[in-house]
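Have a look at the structure below before the remarks.
The values are calculated or read from the model by the stated rules, or taken from the named source; none is laboratory data. This structure is a prediction, so every number in the text was calculated from the model and none was measured. With ideal geometry, Cβ positions are generated from the backbone for all residues, glycine too; neighbour counts draw on all protein chains shown. Remember, those area values only see protein heavy atoms, side chains included, never the ligands or the DNA or RNA. Shrake-Rupley method; radii C 1.70, N 1.55, O 1.52, S 1.80 Å.
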Amino acid sequence: MPLPITRYQVSAQYMWAGFAALALTGVSFWMSFVWPLVWFATGLFLVSAVLVLYLALRPAVEIYESHLKIGQAAIPWKHIRRLDRSSNVPLMVRLTLSDKTRVLLIHPSDPQSSSSLLRQLRRHSREALIDGVPYRQFWGEPDKQPSSRKALAAPRYPLLLPDDEAEVERMFQRLKSVGNLDQKASPEDK
């Protein structure tokens, strides 16, 4: 069995934050019997506790040379056709597979781990459009396909006016025939 290149675990901070939200839910529940307006806070604490604990219990993401493994599900790299990021912390990436199914990868972790996972996903998904851009263009690699069009010659822009160009041509012809352009200096004067 091959070993993963890298393994990305959920940050333990999410678990602690979920337990803290549960504790605050209990305290506000107890206080709501005395002050009925606290029921609103109890509901908010409960919703936040459920959300944070859901994020804390997400499975680990493993990167292999041949596939991506999210929990028990393995996705071969060649089956990923599109990779779209929607959030960075927690990292949320929508993967579109070759059979048109979509997988939402949610990975709550610190920003460095999230950016490293995103880079690994982008690097290994060679068949995919990355945020709508083809893989080779996203990474700045040249296309393998040779261009069917011949390279066009660079356009020649005139630097001189036609009269000046004719004068330069006359001076060049004189230089070729005489050897110098100075009309006043003759070989005897030297």
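Structural remarks
- Ligands, DNA and RNA left out, the accessible area of the chain computed with a 1.4 Å probe is 62% carbon and sulfur.
- Placing +1 on each Lys and Arg Cβ and -1 on each Asp and Glu Cβ, with no other charges, gives region 41-124 a dipole about its Cα centre of roughly 380 debye.
- Here region 1-146 is treated with +1 on each Lys and Arg Cβ and -1 on each Asp and Glu Cβ, and its dipole about the Cα centre works out to around 400 debye.
- For the chain, DSSP calls about 90 percent of its internal beta bridges antiparallel.
- Interatomic Cα distance distribution for region 1-48, bins of 10 angstrom, percent: 26, 32, 17, 12, 9, 4
- Against the rule of thumb 2.2 N^0.38 Å, how large the Cα Rg of region 1-120 comes out: 1.35
- Per residue solvent-accessible surface (Å²) - the chain, probe of 1.4 Å: 74 Å²
- Each of T6 and K176 was given a label point 7 Å from its Cα along the Cα-to-Cβ line. The distance between the two points is 6.5 nm.
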